[in-house]
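Worksheet: the structure to be examined is printed underneath.
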Amino acid sequence: MSDILNIKGNIFDIQRFSIHDGPGIRTTVFFKGCNLKCLWCHNPESQSFKPVLLYYRDKCISCGECAKICGNTFTKNCIACGKCAEICPQKARRVSGREETAENIIKQVLKDKEYYKTSGGGVTLSGGEPLLQSDLCLEILSACKNAGIHTAIETAGNVKWEIFEKILPYADLFLFDIKGIDEENHIKNTGVSNKQILENACKLSESGANILFRMPYIPEFNDFEAEAVVKFAKSLNRDVELMAYHNIAVGKYNALNRCYETEKITPPDKDFMKALAAKLGAIYSPSGI
């Protein structure tokens, strides 16, 4: 790997002290861009590779400062340059997405190296779909491995197998989402076929990689597929974590002026999810998606 970590990519957040994206205390790097469009996506700001502007109307005091600094603030010509967000006194506007170098990301990850050691944690690359920026992933993971830091990748698996082969030596854990087994329903829910995803899941399992399959459990959309997903994982001698739907992303969709297809769904309660996981022989995730 190059000593000059100047590869650039698009991310939208770096979250320190995360406890839901792998073992121990972790730093999660959220990548911009995804080639799935899940109807229940809880990070809608991550779907585009480009920066997006979120506008929280309830915080706006109509001071007009944003319009003074940028004439495109309330028009279709807005390019999410961020000028309005910088000047907004109420933080009613926020730009999600920025370009970062591997070097800068690694510097932030290394800040908490001692916490990783004491908790068994590390770094997790999430998104969006991090593997769509595989060169940046490779630089970060390689540097972390060299520093003795545990590495994990959260992926929906919808990339060419060659990308997995490139990443495999540097990833200690794959958190692999399986949205469903039925292809027609998968296309309806995510906009893409699941053929490549399931093929990659099988190949990754055959490679001996450490994998935890995870299923987002969405009532009315894919809940009837839970048993099939668990059976698929068990056929590969792997476990599945059931992650219950929650609707805390409503505010993000409103801020993006987008319709949230699953907004009116009632999230399943803990007791139901615990019982379902026990019945199917799956792992219950208290954090949900």
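The values are calculated or read from the model by the stated rules, or taken from the named source; none is laboratory data. Predicted, not measured: the structure shown is a model, and the values here were computed from it. Neighbour counts run over all protein chains shown; Cβ positions are idealised from the backbone, glycine included. We work out accessible area using only protein heavy atoms, side chains counted, and drop any ligands, DNA or RNA first. Shrake-Rupley method; radii C 1.70, N 1.55, O 1.52, S 1.80 Å.
Of all the residues that make up region 87-146, how many are of a type in the set (Lys, Arg), in contact with a strand residue (DSSP E or B) (Cβ under 9 Å, 6 or more places away or on another chain), buried (at least 16 other Cβ atoms within 10 Å of the Cβ) and within 23 Å of residue 19 (Cα to Cα)? I'd like the intermediate steps shown before the answer.
Within region 87-146, the first condition is being of a type in the set (Lys, Arg), and the residues that meet it are 91, 93-94, 98, 107, 111, 113, 117, 145.
Imposing the further condition that a residue be in contact with a strand residue (DSSP E or B) (Cβ under 9 Å, 6 or more places away or on another chain) reduces the set to 93-94, 98, 111, 145.
Next cut, buried (at least 16 other Cβ atoms within 10 Å of the Cβ) only: 93-94, 145.
Those still in the list that are within 23 Å of residue 19 (Cα to Cα) too: 145.
The qualifying residues number 1.
Among (1) modelled with pLDDT of 95 or more; (2) part of a strand (DSSP E or B), where does residue 284 come up short?
All conditions are met except number (1).
Just the residues that are buried (at least 21 other Cβ atoms within 10 Å of the Cβ), part of a strand (DSSP E or B) and touching a residue at least 60 places away in the same chain (Cβ under 8 Å), please, taken from region 166-183.
Across region 166-183, there are no qualifying residues.
Scanning region 1-55 for residues that are part of a loop (DSSP other than H, G, I, E, B) and aliphatic (A, V, I, L, M), which turns out surrounded by the fewest Cβ atoms within 10 Å (Cβ to Cβ)?
Initially, region 1-55 is screened for residues part of a loop (DSSP other than H, G, I, E, B), giving 1-7, 19-25, 32-43, 47-51.
The next check asks that each one be aliphatic (A, V, I, L, M); those that pass are 1, 4-5, 7, 19, 25, 36, 39.
Numbers: 1: 13, 4: 10, 5: 18, 7: 18, 19: 13, 25: 19, 36: 20, 39: 15.
For region 1-55, the residue satisfying everything is 4.
Quick one: count up the residues across region 139-165 that are closer than 19 Å to residue 128 by Cα and without any contact (Cβ under 8 Å) to a residue 40 or more places away in the chain.
Looking only at that region, the number is 6.
Sort through 77, 72 and tell me the only one that's open to solvent by 90 Å² or more (accessible area, probe 1.4 Å) and either over 30 Å from the mean Cα position of the chain (by Cα) or without any contact (Cβ under 8 Å) to a residue 24 or more places away in the chain (or both). It would help to see each step written out before you state the result.
Details: 72 fails: open to solvent by 90 Å² or more (accessible area, probe 1.4 Å).
When all the criteria are applied, what remains is 77.
Can you work out which of the residues in region 202-249 that are in a helix (DSSP H, G or I) and open to solvent by less than 30 Å² (accessible area, probe 1.4 Å) is farthest from residue 275 (Cα to Cα)?
By that ranking, first place goes to 204.
Going by the conditions given, is residue 277 under 24 Å from residue 124 (Cβ atoms) and among the hydrophobic types (A, V, I, L, M, F, W, C)?
yes
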